[in-house]
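The values are calculated or read from the model by the stated rules, or taken from the named source; none is laboratory data. Note that the structure is a prediction, hence the values are computed from the model and not measured. Positions of Cβ are generated from backbone atoms using ideal geometry, with glycine treated the same way; all protein chains shown enter the neighbour counts. For the accessible areas, the whole protein counts, side chains as well, though only heavy atoms, and no ligand, DNA or RNA atoms are used. Shrake-Rupley method; radii C 1.70, N 1.55, O 1.52, S 1.80 Å.
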Amino acid sequence: PIGKRVDRHLMRWARWKYKRLKPSQARTRAWLQEVRKRKPGLFAHWTLRYTT
């Protein structure tokens with residue numbers, strides 16, 4: 001649950017930071033997934049939440 005909450009806060013921050021993400025929550029989610037694919041160790045909760 002805490003990992004989901006952190007991801008939601010990251011999405012909210014990204015929508016505030018990048019205007020192209022503001023209109024669409026789906027676009028923001030896709031952006032966050034791409035960041036997670038590029039740098040999986042960027043946030044500690046990603047290694048705990050998204051193990052493959």
Self-check item: Rounded to whole Å, sorted largest first: equivalent-ellipsoid semi-axes of the chain, Cα gyration tensor
Solution: 20, 12, 9
Quiz item: Put +1 on the Cβ of every Lys and Arg and -1 on every Asp and Glu Cβ in the chain; which of A30, G41, I2 then has its Cα farthest towards the positive end of the dipole?
Solution: A30
Quiz item: With +1 on each Lys and Arg Cβ and -1 on each Asp and Glu Cβ, how big is the dipole of the stretch 2-50 about its Cα centre, in debye rounded to the nearest 20?
Solution: 200 debye
Quiz item: Put a dot 7 Å past each Cα toward the Cβ at R49 and R27; how far apart are the dots in nm?
Solution: 2.2 nm
Quiz item: Helix 2-17 sits at what angle to the longest principal axis of the chain, using alpha carbons and giving 0 to 90 degrees rounded to 10?
Solution: 30 degrees
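Could you look at the stretch 2-50 and say what percent of its accessible area is carbon and sulfur, using a 1.4 Å probe and all protein chains?
Values: 2250 of 3980 Å².
So the carbon and sulfur contribution to the accessible surface is 57 percent.
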Self-check item: Rel. contact order, % - alpha carbon contacts under 8 angstrom, at least six apart, the stretch 2-50
Solution: 30 percent
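Could you provide, to the nearest whole Å², the per residue accessible area of the chain with probe 1.4 Å? Intermediate results must be reported in sequence, preceding the final value.
Values: 4410 Å² over 52 residues.
Solvent-accessible surface per residue comes out at 85 Å².
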